[in-house]
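Okay, so here's the structure we're looking at.
The values are calculated or read from the model by the stated rules, or taken from the named source; none is laboratory data. Computed from a predicted structure; not experimentally measured. Cβ atoms come from the backbone with ideal geometry, glycine included; neighbour counts cover every protein chain shown.
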Amino acid sequence: MSKRTVPCCAVLHCGIDVGKATLAVAVQPEGGHGFEQCEFANSSSGHKKLLAWLGKWKAPVRVSLEATGPYSLDVALALDAAEGIAVAVLNPHRFHRFAETLRRSKTDAADAVALAEYNRRMEFVAWVRPSESVLELRAISRHIATLTEDHARLKNRLHAARSSAATPRCVLDDLRRSMAGLQKRLVRLRREAMAAIGKDAGLQRKFEHLTGITGIGEVSAVQLLGELAGLDPEMTVRQWVAFSGLDPVHQVSGTSVHKPSRISRRGNRHLRRALYMPALSASRFDPHMKAFYNQLLTRHKTKMQAITAIARKLLHAIFGIFKNGTPYNGAKLFPEINIVPTSTPC
């Protein structure tokens, strides 16, 4: 048997540490000992060389890599498109907890070995490749979010500049022009996002359901859909909450340790950010959410804790309408809350 040949029934466990420029790769056949390692460029030509290298083992391959944004997406897409290769894209926080039990040094090569070990020891959950429309929408929505933050920063700078008599007019004019330019770009990108949604009947239907929820307008719906539409349809609502980082973390041990509960934040920060404004709006204008918000305040929760709880409830609601294809109904989300309609004057 050659060095690169493994039994036909065996699986080749592969870990890839993704960097901006390079891919550190470690492989181990099932039942084998030690790891063989190699490094490839994180580019289209490097991905082809990686696939050719893995193909020489003549065995089905299971690859584990971390979700590292745009740097990991292209390699995950290339691996997923290849025959005989299954890909798992791991939550970095979960993997790092596992890796800390194995390694003493933090290097790319050590991370690749730890990823291969994770692949071998833990349950393998294959990554579900999002559709092209979903990938396009997610890229656009995240760029919109970045430009929106830039616009807010410029607005704050303009406000501060106006309050100072020492600011020359040329600076004020430049800030105004920058804001106007960003606003035009945002309008154009939102138009492109709507075009991407319109090309996919499933996305269009989900978008209409989202905008039917009190507190979610078109801008927020684009952001939420960009983050949620590509999730594995087999995920549960608890997994959605964990994916968002809104899952509660409790720290209680015996009688001496009893820290306040908090959210983990070990999830998708883009999704958490997209949920904040809809949650704030729903707490004011949706009667069921408002009643729930007031209940939490009477139980001595802070306003931020109450808004976070509403964001989590919104995520539950979105999961339900996506899964069942039915419009939002606050009475189903809060069956224990009775909303008494206000009487109108004669």
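I'd like to know if region 249-256 contains one or more residues that are among the hydrophobic types (A, V, I, L, M, F, W, C) and part of a helix (DSSP H, G or I).
Filtering region 249-256 for residues among the hydrophobic types (A, V, I, L, M, F, W, C) gives 249, 252.
Cutting the leftovers down to part of a helix (DSSP H, G or I) gives us none.
Within region 249-256 (the criterion being among the hydrophobic types (A, V, I, L, M, F, W, C) and part of a helix (DSSP H, G or I)), the answer is no, since none of the residues qualifies.
For region 22-42, what are the residues that are part of a strand (DSSP E or B) and either more than 16 Å from GLU66 (Cα to Cα) or not assigned by TED's automatic domain parsing to the domain that holds SER72 (or both)?
Filtering region 22-42 for residues part of a strand (DSSP E or B) gives 22-29, 36-41.
GLN28, PRO29, GLU36, GLN37, CYS38, GLU39, PHE40, ALA41 - these are the residues of region 22-42 that are part of a strand (DSSP E or B) and either more than 16 Å from GLU66 (Cα to Cα) or not assigned by TED's automatic domain parsing to the domain that holds SER72 (or both).
Residue by residue, here is whether (1) closer than 30 Å to CYS38 by Cβ; (2) in a helix (DSSP H, G or I) holds:
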residue: GLU117; (1), (2): yes, yes
residue: LEU137; (1), (2): no, yes
residue: ALA145; (1), (2): no, yes
residue: GLU149; (1), (2): no, yes
residue: ALA165; (1), (2): no, no
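Could you please find all residues in region 307-328 being within 9 Å of ALA279 (Cβ to Cβ) and without any contact (Cβ under 8 Å) to a residue 40 or more places away in the chain? If you could, list the steps in order and put the result at the bottom.
Restricting attention to region 307-328, the residues satisfying the condition of being within 9 Å of ALA279 (Cβ to Cβ) are 307-314.
Answer for region 307-328, where residues must be within 9 Å of ALA279 (Cβ to Cβ) and without any contact (Cβ under 8 Å) to a residue 40 or more places away in the chain: ILE307, ALA309, ILE310, LYS313.
From LYS58, LYS49, which residue is more than 26 Å from the chain's Cα centre (by Cα), modelled with pLDDT under 95 and not assigned by TED's automatic domain parsing to the domain that holds ASN268?
Details: LYS49 fails: modelled with pLDDT under 95.
It is LYS58.
State all residues of region 11-41 that are crowded, with 20+ Cβ neighbours inside 10 Å, in contact with a Ser or Thr (Cβ under 6 Å, 6 or more places away or on another chain) and over 20 Å from GLY84 (Cβ atoms); if no residue qualifies, say none.
Of everything in region 11-41, just one residue is crowded, with 20+ Cβ neighbours inside 10 Å, in contact with a Ser or Thr (Cβ under 6 Å, 6 or more places away or on another chain) and over 20 Å from GLY84 (Cβ atoms), namely VAL18.
Taking ALA86 as meeting all but one of (1) surrounded by 14 or more Cβ atoms within 10 Å (Cβ to Cβ); (2) over 30 Å from ARG269 (Cβ atoms); (3) not basic (Lys, Arg), write down the number of the exception.
Checking ALA86 against (1) surrounded by 14 or more Cβ atoms within 10 Å (Cβ to Cβ); (2) over 30 Å from ARG269 (Cβ atoms); (3) not basic (Lys, Arg), the one that fails is (2).
Table: residues versus (1) among the aliphatic types (A, V, I, L, M); (2) farther than 19 Å from ALA67 by Cβ.
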| residue | (1), (2) |
| --- | --- |
| LEU189 | yes, yes |
| ASP200 | no, yes |
| ASP247 | no, no |
| PHE292 | no, yes |
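With ALA88, ALA52 as the choices, which residue is among the small types (Gly, Ala, Ser), free of Cβ contacts under 8 Å to residues at least 12 places away in the same chain and not in a loop (DSSP other than H, G, I, E, B)?
Values: ALA88 fails: free of Cβ contacts under 8 Å to residues at least 12 places away in the same chain.
One residue alone meets the criteria, ALA52.
Is one or more of the residues making up region 210-228 within 17 Å of the chain's Cα centre (by Cα) and either more than 19 Å from HIS143 (Cβ to Cβ) or not assigned by TED's automatic domain parsing to the domain that holds PHE319 (or both)? Quick ask: steps written out before the conclusion?
We begin by selecting, within region 210-228, every residue within 17 Å of the chain's Cα centre (by Cα); these are 220-228.
Filter again for either more than 19 Å from HIS143 (Cβ to Cβ) or not assigned by TED's automatic domain parsing to the domain that holds PHE319 (or both), leaving none.
No: region 210-228 contains no residue that is within 17 Å of the chain's Cα centre (by Cα) and either more than 19 Å from HIS143 (Cβ to Cβ) or not assigned by TED's automatic domain parsing to the domain that holds PHE319 (or both).
Which residue, of PHE207, PHE243, is surrounded by 20 or more Cβ atoms within 10 Å (Cβ to Cβ), of a type in the set (Phe, Trp, Tyr), in contact with a helix residue (DSSP H, G or I) (Cβ under 9 Å, 6 or more places away or on another chain) and within 20 Å of GLY69 (Cα to Cα)?
Details: PHE207 fails: within 20 Å of GLY69 (Cα to Cα).
None of the others qualify; the one that does is PHE243.
Do we find that GLU227 is under 30 Å from HIS288 (Cα atoms) and surrounded by fewer than 14 Cβ atoms within 10 Å (Cβ to Cβ) in this structure?
no
With the structure loaded, tell me whether HIS270 is of a type outside the set (Lys, Arg) and either surrounded by fewer than 15 Cβ atoms within 10 Å (Cβ to Cβ) or assigned by TED's automatic domain parsing to the domain that holds ALA88 (or both) or whether it fails that test. Explain how you work it out, then say what you get.
Working: of a type outside the set (Lys, Arg): yes; either surrounded by fewer than 15 Cβ atoms within 10 Å (Cβ to Cβ) or assigned by TED's automatic domain parsing to the domain that holds ALA88 (or both): no.
For HIS270, the condition - of a type outside the set (Lys, Arg) and either surrounded by fewer than 15 Cβ atoms within 10 Å (Cβ to Cβ) or assigned by TED's automatic domain parsing to the domain that holds ALA88 (or both) - is not met.
With respect to ILE216, is the statement that it is at pLDDT 95 or above, surrounded by 13 or more Cβ atoms within 10 Å (Cβ to Cβ), β-branched (Val, Ile, Thr) and not in a helix (DSSP H, G or I) true? Explain how you work it out, then say what you get.
On the way: at pLDDT 95 or above: yes; surrounded by 13 or more Cβ atoms within 10 Å (Cβ to Cβ): yes; β-branched (Val, Ile, Thr): yes; not in a helix (DSSP H, G or I): yes.
Criteria met by ILE216.
Across region 174-217, what is the total count of residues that are within 18 Å of PHE319 (Cα to Cα) and among the hydroxyl-bearing types (Ser, Thr, Tyr)?
2
Can you tell me which residue among LEU65, LEU77 is among the hydrophobic types (A, V, I, L, M, F, W, C) and in a helix (DSSP H, G or I)?
Details: LEU65 fails: in a helix (DSSP H, G or I).
Residue meeting the stated conditions: LEU77.
The rows are residues; the columns are (1) assigned by TED's automatic domain parsing to the domain that holds LYS206; (2) closer than 24 Å to ASP232 by Cβ; (3) of a type in the set (S, T, N, Q).
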position	(1), (2), (3)
ARG284	yes, no, no
ALA291	yes, no, no
ARG299	yes, no, no
ALA311	yes, yes, no
LEU314	yes, yes, no
ALA317	yes, yes, no
THR326	yes, yes, yes
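Would you mind stating whether ASP111 is farther than 28 Å from GLN204 by Cβ and outside the structural domain of PHE243 (by TED's automatic domain parsing)?
Working: farther than 28 Å from GLN204 by Cβ: yes; outside the structural domain of PHE243 (by TED's automatic domain parsing): yes.
In short, yes.
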